[in-house]
Amino acid sequence: MNSTLTAGVDEVGRGCIAGPVVSAAVIFKKGIDTKLFKDSKKISFKNREKISEYIKNNSYYAIGVASVEEIFNFNILQASLLSMKRAIESLSVKPNLTLIDGNFAPKNIQNYKTIINGDEKVKIISAASIVAKVFRDKLMIKLSKKFKNYSWESNFGYGTKAHLAGLKKFGITIHHRKSFKPVHKILSK
């Protein structure tokens, strides 16, 4: 095994009005082909799923989740950092260096570097963003089967027209973020 193990970490779902925030931490195994990796938002849903499987088969990876309750109790930034910390701590192999997307890092993480727009600039952070996004999208698709009125299978919890229309007509669910403006507005009526 090489002497420097670098982990990439990214979160997804910060701007959503429903569902948890999810992070992934990824450490590449030797020989992984990184040319397909880029910011998860710039890859089609179908390709993201295939690339995520490839990453998971050729990396050490872990997922960290912060719940809707934690988002409400701590705020979205702190919940995002908590999900990142959980992902990093869940890795079966410990990194020597952790590259984190953005300009904030979880508390008590050793040997890290934050990189603004890291999901566009650094392949290992791109890989983490892809794994996290596919995990979260699948979770929201699963939740949409039980909560059919909010189009989560296509908007994944973001505040799209269809989602907001569902909110107005059917009210909020346990998966909605009560402190986020569109949801809070409905609660305040």
Worksheet entry | Within the chain: Cβ-based charge dipole about Cα centre, in debye rounded to nearest 20 (Lys, Arg +1; Asp, Glu -1) | 620
Worksheet item: How many percent of the accessible area of the stretch 72-189 is carbon or sulfur, using a 1.4 Å probe?
Response: 57
Practice prompt. With both partners inside the chain, how many of the DSSP beta bridges are antiparallel, as a percent to the nearest 5?
Written response: 65
Fill in: Packing-based order for 69-78, 21-30, using average beta carbon neighbours within 10 Å, highest first
21-30, 69-78
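Once you compute Rg and the Kirkwood Rh from C-alpha atoms, what is the Rg to Rh ratio for the chain?
Working: Rg = 16.8 Å, Rh = 16.8 Å.
Ratio value, two decimals: 1.00.
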Fill in: Taking the convex hull of Cα positions in the stretch 29-82, its mean projected area over all directions (nm²)
4.8
Item to complete: For the stretch 93-103, just list the computed ³J(HN,Hα) in residue order, Karplus coefficients 6.51, -1.76 and 1.60, θ = phi - 60°, integers in Hz, with x standing in for Gly and Pro.
Response: 10, 8, x, 7, 9, 10, 9, 10, 5, x, 10
Fill in: Under the Karplus curve 6.51 cos²θ - 1.76 cosθ + 1.60, θ = phi - 60°, whole-Hz ³J(HN,Hα) for the stretch 10-22, x wherever Gly or Pro sits
8, 10, 9, x, 4, x, 6, 9, 9, x, x, 9, 10
Fill in: Radius 13 Å from Cβ of residue 157, net charge of other residues (Lys, Arg +1; Asp, Glu -1)
+4
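What order, most packed first, do the peptides 101-111, 126-136 have when packing is the mean number of other Cβ atoms within 10 Å of each residue?
Sorting 101-111, 126-136 by mean packing, highest first, produces 126-136, 101-111.
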Worksheet entry | Degrees, to the nearest 10: 161-170 long Cα axis against longest axis of the chain | 50
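With a 1.4 Å probe and all protein chains left in place, how much accessible area per residue does the stretch 49-183 have, in Å²?
About 52 Å² of surface per residue is accessible.
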Item to complete: Would you work out which of 18, 67, 34 lies farthest towards the positive end of the dipole of the stretch 1-70, given +1 charges on the beta-carbon of Lys and Arg and -1 on that of Asp and Glu, about the Cα centre?
Response: 34
Worksheet item: Local charge sum around residue 28 (other residues, Cβ-Cβ under 14 Å, Lys/Arg +1, Asp/Glu -1)?
Response: +4
Worksheet item: Between the stretch 83-111 and the stretch 138-189, what is the C-alpha centre distance in whole Å?
Response: 30
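The values are calculated or read from the model by the stated rules, or taken from the named source; none is laboratory data. Keep in mind that this is a model prediction, so the values were computed, not measured. Methodologically, a virtual Cβ is constructed for each residue, glycine included, from the backbone with ideal geometry; neighbour enumeration extends over all protein chains shown. Accessible surface areas use protein heavy atoms only, side chains included; no ligands, DNA or RNA. Shrake-Rupley method; radii C 1.70, N 1.55, O 1.52, S 1.80 Å.
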